[in-house]
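Enquirer: Below is one structure. I have some questions about it.
The values are calculated or read from the model by the stated rules, or taken from the named source; none is laboratory data. What you are looking at is a predicted structure, and each value in this text was computed from that prediction instead of being measured. All Cβ positions, even for glycine, are placed from backbone atoms using ideal geometry, and neighbour counts span all protein chains on display. Keep in mind that these areas ignore ligands, DNA and RNA; they rest on the heavy atoms of the full protein, side chains included. Shrake-Rupley method; radii C 1.70, N 1.55, O 1.52, S 1.80 Å.
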Amino acid sequence: MICVSKKKSYLKYQNLKIFGQGNLHGKVEISGAKNSALVLLASSLLTNERIILENVPRLTDIEKMGNILKSLGVKLIQKNNRLEIDPKNISIKELPYELVNGLRASFFCIGALLSKYGEAKVPLPGGCNIGSRPIDEHINGLQALGAEIIIEEGIVKARIKDETNKLHGSHIKLKCPSVGATETLIMAASLAEGRTTIENAAREPEIQDLCQMLNKMGAKIYDSGKEKIIIDGVNNLCGCTHKVIPDRIEAGTFLIAAAATSSSITVSPVIPNHLEAVTNKLQESGSKITIKGNSITIKGKEIKGVDIETAPFPGFPTDLQAPFTTLMSIANGESKITETIFENRMNHVHLLNKMGANIKLNENIAHIKGVKKIKGMDLVGSDLRTSAALIIAGIIAEGTSKIYGLEHLDRGYENFESKLKILGIKINREFNKKALKNKEFKMNSDPADIPRYKAA
């Protein structure tokens, strides 16, 4: 695997140049779900046997999680989108701060390490700057299962108090349906003694994918995808082969881009009911949606303003709020976007306004009056979904745009610009050789050789 810190430094000097007023057409292949693959990697710590994950997206976040596992002694062999994981020689139960700092999902390892080995030390998580994402629900749930937890100097230190070195099943009621907490507690409870029930559990497809893989490994988990999940602990888990579900957020991003450009495309493979909240709003805003098997076809038409409010699954996903805001910025009429999940997930609004949008922000509610056109600009995306929103804006804008902040984009979209090119968009990744030479490194190779994932 490529060194993450070096690659991220290079990404600071890359941008996407987008020629506006583009039109999408054709079919785009959807990659495996980033948020599912990350937690599946963490869950491999629960066994001593080999795990084979298929349809793993090649993303910097996945790379980071892989490096974290390797730091623990896990062996990884990657070939394209297939990842072979051998966790039998784990020798360390402490995650290194320098690897954990930029990846919130790394914290999910605490449940697996604690349940399997009786102890774990995990730095407090990092990730996109989109607001506070407290770990109280994780901590309270692990304590209910019998863990003793101390937080010192930014390190969460957990150990099992019981002499048997086993967690014990418990009844846990989450204050909010936290995806991360639900995943952490499912992993921890899988090897606990007795039955655990998690009430007010998150219902996201990524949680269902985790439970499906754990059950393949020999776990006994019931009712995933419902508000109450039941886990009967087992003594050990075995290896398995599992295919990561398609990324509903990537698919939704392409569907929104098609709607924004009045285009017709097909996204596949997808699991259509994972996208129902999104496709319903796209239909309400004027697009025609056709579902056939594992594909969704959209025919964009005149865009009408509609209101959305983000909510836990099966509601409208917060990860698609920023792209949908871009769509509404050119809709006929007015719309209202309400963000209920993260308090700082409106970073895109002032940037869209710079491009000519008419959006008034009142705390976490965006009031939008649609405009007929926006203009291309050079802008920096501050987080993953803001970057995606700005790219869509660049596609529909008059003139050209340059979007920076690709270290965020490459965390969550595999070969994004390559897929847009296949769909007919004029978009190029540029490398600022002069800036790199002057500010940080000396270039010793052609920009095409800079380490980043390329289209197959």
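Enquirer: Glu398's amide H: which non-local residues (gap 5+, or another chain) put their own amide H closer than 5 Å, with H modeled 1.01 Å from N in plane and none for Pro or chain starts?
Expert: For Glu398, whose amide H was placed from the backbone, the distant partners under 5 Å are Ile374, Lys375, Gly376.
Enquirer: So if R0 is 35 Å, what FRET efficiency would Lys216 and Lys421 give, r being the distance between their Cβ atoms, rounded to the nearest 0.05?
Expert: Here the calculated transfer efficiency is 0.45.
Enquirer: To continue, here is another question. Apply the Karplus curve 6.51 cos²θ - 1.76 cosθ + 1.60, θ = phi - 60°, to the phi angles in the range 82-95 and return the couplings in whole Hz, x for Gly and Pro.
Expert: Values, residue by residue: 10, 10, 9, 10, 10, x, 6, 10, 5, 10, 10, 10, 10, 7 Hz.
Enquirer: Apply the Karplus parameterisation 6.51 cos²θ - 1.76 cosθ + 1.60, with θ equal to phi minus 60°, to every residue of the range 336-353 and state each ³J(HN,Hα) to the nearest whole Hz, in sequence, with x for glycine and proline.
Expert: Values, residue by residue: 9, 10, 10, 9, 10, 9, 10, 7, 10, 9, 10, 5, 7, 4, 5, 6, 5, 5 Hz.
Enquirer: Give me the angle, in degrees from 0 to 90, between the Cα long axis of helix 60-71 and the longest principal axis of the Cα atoms of the chain, rounded to the nearest 10.
Expert: 20
Enquirer: Using the Karplus equation 6.51 cos²θ - 1.76 cosθ + 1.60 (θ = phi - 60°), what ³J(HN,Hα) coupling, rounded to whole Hz, does each residue of the range 393-410 give in order, writing x for Gly and Pro?
Expert: Computed from phi, the couplings for the range 393-410 are 4, x, 5, 8, 6, 7, x, 10, 10, 10, 10, 9, x, 6, 4, 7, 4, 6 Hz.
Enquirer: Oh, and also: Relative to a virtual label point 7 Å from the Cα of Lys304 in the Cα→beta-carbon direction, which members of the range 243-268 show backbone nitrogen distances below 20 Å?
Expert: Label zone hits: 256-264.
Enquirer: Something else about it: Past the 29 Å Cα-Cα mark, which pairs from Lys228/Lys369; Lys79/Lys421; Lys161/Lys228?
Expert: Too far apart for the 29 Å limit: Lys228/Lys369.
Enquirer: For the range 376-438, with all protein chains present and a 1.4 Å probe, just round the carbon and sulfur fraction of the accessible area to a whole percent.
Expert: The value for the range 376-438 is 46 percent carbon and sulfur by accessible area.
Enquirer: Separate question: Strictly over 22 Å apart at the Cα level, which of Lys175/Lys336; Lys354/Lys402; Lys27/Lys402 would you flag in this model?
Expert: Table pairs above 22 Å Cα-Cα are Lys175/Lys336; Lys27/Lys402.
Enquirer: Sticking with this structure for a sec: What number comes out for accessible area per residue over the range 100-248 if the probe is 1.4 Å? Units Å², please.
Expert: With all protein chains present, the range 100-248 gives 39 Å² per residue.
Enquirer: Under 5 Å between amide H atoms, partner at least 5 residues away or on a different chain: which partners does Gly286 have, H built in plane at 1.01 Å?
Expert: Answer set, sorted by chain and number: Lys304.
Enquirer: Would you pull out the residues with amide H under 5 Å of Ile330's amide H, same chain only if 5 or more places away, H placed 1.01 Å from N?
Expert: Answer set, sorted by chain and number: Val371.
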